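The structure follows.
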Amino acid sequence: MLDKNILEQVKGIFSTLKSSITLAATYNKEDKNATELKDFLNDFTSTSEHLSVEYTEVDDKQFHFDILKDNNPTGIRFRGIPNGHEFTSLLLAILNTDGQGKNIPDETIQRRIKSLKGEISLSTYVSLTCTNCPDVVQALNLMSLINPNIKHEMVDGGVFQTEVSNLNIQGVPAVYCNGKSLHVGRGDLGVLLQELEDAVGSQTDENIEPIERKFDVVVIGGGPAGASAAIYSARKGLRVGLVAERIGGQVNDTTGIQNLISVPETTGTQLASDLKTHLNTYPIELFEHRKITSVKLNDALKAISVKGGEVFKAPAVIIATGANWRRLNVGDEEKYIGHGIHFCQHCDGPFYKGKNVAVIGGGNSGLEAAIDLSGICNKVTVFEFGDTLRADTVLQEKAQSLTNLQIFKNAQTTNVKGDGTKLTALTVKDRLTEEEKDYNFDGVFVQIGLAANSDPFKEELKLTPRGEINVDEFCRTSIPGVYAAGDVTNVPYKQIVVAMGEGAKAALSAFDDRLRGIIS
């Protein structure tokens, strides 16, 4: 079943295996997928003497296979045949089971995973053509290996369609924790771990000693501003620590980028990868998947505490935590996120082929989403709060040329409605007449801008009414030794190229203050 060239490549990947790893398969011989599953597993396990397969015949059609290490369960299950993008997830699951892989998290993240409370059963529903699904599957497989109380299965939604339909899954990857929806869409280890902590709680071990790390400069945030600040600081010969939830930040959720000067065209994921590559060319210590719990910024030596018991200290702190998608903050919005309400048309738009959808927001991101969706949806309706569209002229002209795209201005979304399992309608008020009207939609894509990620600092720093950190022309905040850059600040124009420049400026200001003795 597997191509000979692929088998040879897999043999090379598994040449360093040391553990005895068994794929324990369960199948029904009457199931049309049974032969394909057996052919796949036989080919796959032929690539190493450390791999084997065992079969158990059953009466039901819930065919799957579990990964065992030295005959002990790992908690990892594949319900379906992991072809397509999920083939990488299987490869990595084998390597991680053997204790190999660059994706294995450090001590602090492992502490957090081990601290999750109770027995946790996770299911991730995927499409084998989904490019975002493997990141989620691989992260949750890792958690199963680290915490013996966690079990995780990948479920091929294309095979178990009835199950997907019963759960009313409208976007992938869709993660369920102990039978309840946990996560929909793109995600990484840090995001998923935080969601699990919120869902099941954590049991902190008070006997564990905190890990204290000292630097000349601590940069908080791994997006364009944070990466720029870290690189400029490192080029001054300073010891730099970069603390971030994810390298690339919001850039990871951007598709096409065509206005980064000197780079005619790139993608968000590629730029995030390039930022990490550039950071790694300098002696910058990267601490990814960190969640801030508290900050102390008024002392000469600033302290940033994160989940897992780490404390980062430095006389200079550069805040570059960026921003996240702004929510509607109406009615049952939270309830229907992932069940009719979405933020990424590239991830979830294909689920609405031939259906009617709405896009909320008439800026560049809103019209870009509407234009993309118009190619696959029956009808796209755009609701813009203001009396004019804010998108570039070229986008407005393109949108107005599309026959299945309608635009309403002065339109305020006041409520979302659903049937308990999925969104069915929006309530929209005409701001000129004050008249409210319900519009029926299959899906809604929210594109109303960004909200600054400034909550951890709001007790100590001056913020604008919009929650942005106030900075001067040198990126200095209201506290000496604390600087801020990028989308988290009040600097206008939330653009990648602007954020990079502001990050460089913040680093240079911090270095200048160091030379002048303002900070130690």
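The values are calculated or read from the model by the stated rules, or taken from the named source; none is laboratory data. Being a predicted model, the structure only gives us computed values, none of them experimental. Cβ atoms come from the backbone with ideal geometry, glycine included; neighbour counts cover every protein chain shown. Quick note on the areas: whole protein, heavy atoms, side chains included, nothing else; ligands and nucleic acids left out. Shrake-Rupley method; radii C 1.70, N 1.55, O 1.52, S 1.80 Å.
On the given criteria, is Val53 exposed (fewer than 14 other Cβ atoms within 10 Å of the Cβ) and of a type in the set (A, V, I, L, M, F, W, C)? Walk me through how you get there before you give the answer.
Details: exposed (fewer than 14 other Cβ atoms within 10 Å of the Cβ): no; of a type in the set (A, V, I, L, M, F, W, C): yes.
Judged against the criteria, Val53 is not a match.
A further question on this structure: If I ask for residues that are hydrophobic (A, V, I, L, M, F, W, C), in a loop (DSSP other than H, G, I, E, B) and buried (at least 17 other Cβ atoms within 10 Å of the Cβ), which ones from segment 474-501 would you list? Reasoning before the result, please.
In the first step, residues of segment 474-501 are kept if they are hydrophobic (A, V, I, L, M, F, W, C); the result is 474-475, 479, 482, 484-485, 488, 491, 496-500.
In the following step, the residues that additionally are in a loop (DSSP other than H, G, I, E, B) were identified as 474-475, 479, 485, 491.
Correct list: Cys475, Ala485, Val491.
Could you grab me the full set of residues in segment 386-403 that are closer than 23 Å to Arg327 by Cβ and either open to solvent by less than 70 Å² (accessible area, probe 1.4 Å) or in contact with a strand residue (DSSP E or B) (Cβ under 6 Å, 6 or more places away or on another chain) (or both)?
Gly386, Leu389, Ala391
Sort out which residues of segment 1-48 are open to solvent by less than 30 Å² (accessible area, probe 1.4 Å), under 22 Å from Arg79 (Cβ atoms), in a helix (DSSP H, G or I) and not aliphatic (A, V, I, L, M), and write them in order of number.
Across segment 1-48, the qualifying residues are Phe40, Phe44, Thr45.
Would you please name the residue that is nearest to Lys353 (Cα to Cα), looking only at residues in segment 149-184 that are in contact with a helix residue (DSSP H, G or I) (Cβ under 7 Å, 6 or more places away or on another chain) and surrounded by fewer than 21 Cβ atoms within 10 Å (Cβ to Cβ)?
Checked segment 149-184; the qualifying residue nearest to Lys353 (Cα to Cα) is Cys177.
Here is a check on your reading of the model: is Ala504 surrounded by fewer than 22 Cβ atoms within 10 Å (Cβ to Cβ) and of a type outside the set (Ser, Thr, Tyr)?
When the stated conditions are applied, Ala504 passes them.
Could you figure out which of (1) part of a loop (DSSP other than H, G, I, E, B); (2) more than 22 Å from Tyr352 (Cβ to Cβ); (3) open to solvent by less than 50 Å² (accessible area, probe 1.4 Å) isn't true of Gly420?
(2)
So, one more: So which residues in segment 270-293 are in a loop (DSSP other than H, G, I, E, B), of a type in the set (D, E, K, R) and under 20 Å from Ser233 (Cα atoms)? Before you say what the answer is, go through the steps one by one.
Taking segment 270-293 first, the residues in a loop (DSSP other than H, G, I, E, B) are 280-283, 288-291.
If we keep only those that are of a type in the set (D, E, K, R) as well, we get 288, 290-291.
The one that is in a loop (DSSP other than H, G, I, E, B), of a type in the set (D, E, K, R) and under 20 Å from Ser233 (Cα atoms): Glu288.
Restricting to segment 357-373, count the residues that are open to solvent by 20 Å² or more (accessible area, probe 1.4 Å) and either modelled with pLDDT of 95 or more or of a type in the set (D, E, K, R) (or both).
Final tally of qualifying residues: 3.
May I pose another question? I'm trying to understand the selection: among the residues of segment 428-473, which are part of a strand (DSSP E or B) and out of contact with any helix residue (DSSP H, G or I) (no Cβ under 9 Å at 6 or more places or on another chain)? So that I can check it myself, show each step before the final result.
Within segment 428-473, the first condition is being part of a strand (DSSP E or B), and the residues that meet it are 428-430, 436-440, 443-446, 450-452, 463, 469.
Val428, Lys429, Asp430, Glu436, Lys437, Asp438, Tyr439, Asn440, Ala451 - these are the residues of segment 428-473 that are part of a strand (DSSP E or B) and out of contact with any helix residue (DSSP H, G or I) (no Cβ under 9 Å at 6 or more places or on another chain).
OK, next. What number goes with the only condition from (1) in contact with an Asp or Glu (Cβ under 8 Å, 6 or more places away or on another chain); (2) assigned to a helix (DSSP H, G or I) that Thr414 does not pass?
Of (1) in contact with an Asp or Glu (Cβ under 8 Å, 6 or more places away or on another chain); (2) assigned to a helix (DSSP H, G or I), only one is false for Thr414: (2).
Another question, if that's okay. Starting from segment 167-192, keep only residues that are without any contact (Cβ under 8 Å) to a residue 40 or more places away in the chain, then list their pairs with residues that are hydroxyl-bearing (Ser, Thr, Tyr) and assigned to a strand (DSSP E or B) whose Cβ atoms are within a distance under 6 Å, requiring at least 6 positions of separation or different chains.
The qualifying pairs do not exist here.
Still on this model: Looking at segment 172-195, which of its residues are in a strand (DSSP E or B) and more than 25 Å from Asp106 (Cα to Cα)? Outline the logic, then answer.
At the first step, the residues of segment 172-195 found to be in a strand (DSSP E or B) are 174-177, 180-184.
Answer for segment 172-195, where residues must be in a strand (DSSP E or B) and more than 25 Å from Asp106 (Cα to Cα): Ala174, Tyr176, Lys180, Ser181, Val184.
Within segment 258-288, can you find the residues that are surrounded by fewer than 20 Cβ atoms within 10 Å (Cβ to Cβ), among the β-branched types (Val, Ile, Thr) and in contact with a helix residue (DSSP H, G or I) (Cβ under 9 Å, 6 or more places away or on another chain)?
Scanning segment 258-288 gives Ile261, Val263, Thr266, Thr269, Thr281.
If I ask for residues that are open to solvent by 40 Å² or more (accessible area, probe 1.4 Å) and in contact with a strand residue (DSSP E or B) (Cβ under 8 Å, 6 or more places away or on another chain), which ones from segment 404-413 would you list?
Gln406, Ile407, Phe408, Gln412
Do we have Phe408 as within 23 Å of Val164 (Cβ to Cβ), at pLDDT 95 or above and aromatic (Phe, Trp, Tyr) here? Let's see the steps before the verdict.
Numbers: within 23 Å of Val164 (Cβ to Cβ): no; at pLDDT 95 or above: yes; aromatic (Phe, Trp, Tyr): yes.
Considered against the rule, which asks whether it is within 23 Å of Val164 (Cβ to Cβ), at pLDDT 95 or above and aromatic (Phe, Trp, Tyr), Phe408 comes out as no.
Further question: Would you be able to say whether some residue in segment 289-297 is farther than 19 Å from Ile104 by Cα, touching a residue at least 60 places away in the same chain (Cβ under 8 Å) and open to solvent by less than 10 Å² (accessible area, probe 1.4 Å)?
yes
Residues in segment 106-116: is at least one open to solvent by 30 Å² or more (accessible area, probe 1.4 Å), β-branched (Val, Ile, Thr) and more than 19 Å from Leu37 (Cβ to Cβ)?
Checking segment 106-116: not a single residue is open to solvent by 30 Å² or more (accessible area, probe 1.4 Å), β-branched (Val, Ile, Thr) and more than 19 Å from Leu37 (Cβ to Cβ).
Could you list, in sequence order, the residues of segment 204-244 that are open to solvent by 10 Å² or more (accessible area, probe 1.4 Å) and among the hydroxyl-bearing types (Ser, Thr, Tyr)?
Once the filter is applied, which keeps residues that are open to solvent by 10 Å² or more (accessible area, probe 1.4 Å) and among the hydroxyl-bearing types (Ser, Thr, Tyr), segment 204-244 yields Thr204, Ser228, Tyr232.
Would you say Asn324 is in a strand (DSSP E or B), open to solvent by 10 Å² or more (accessible area, probe 1.4 Å) and within 21 Å of Glu468 (Cα to Cα)? Walk me through it before giving the result.
Numbers: in a strand (DSSP E or B): yes; open to solvent by 10 Å² or more (accessible area, probe 1.4 Å): yes; within 21 Å of Glu468 (Cα to Cα): yes.
Criteria met by Asn324.
Same structure again: Before we move on, is Phe511 modelled with pLDDT of 95 or more and surrounded by fewer than 17 Cβ atoms within 10 Å (Cβ to Cβ)?
Numbers: modelled with pLDDT of 95 or more: yes; surrounded by fewer than 17 Cβ atoms within 10 Å (Cβ to Cβ): no.
No, not satisfied.
Give the residues of segment 308-340 that are of a type in the set (A, V, I, L, M, F, W, C) and at pLDDT below 95, sorted by residue number.
Within segment 308-340, the first condition is being of a type in the set (A, V, I, L, M, F, W, C), and the residues that meet it are 311-312, 314, 316-320, 323, 325, 328, 330, 337.
Passing the criteria: Ala323, Trp325, Leu328, Val330, Ile337.
Report yes if Gly157 is free of Cβ contacts under 8 Å to residues at least 60 places away in the same chain, over 27 Å from Gly249 (Cβ atoms) and touching an Asp or Glu at 6+ places or on another chain (Cβ under 9 Å), otherwise no. Let's see the steps before the verdict.
Numbers: free of Cβ contacts under 8 Å to residues at least 60 places away in the same chain: yes; over 27 Å from Gly249 (Cβ atoms): yes; touching an Asp or Glu at 6+ places or on another chain (Cβ under 9 Å): yes.
Yes.
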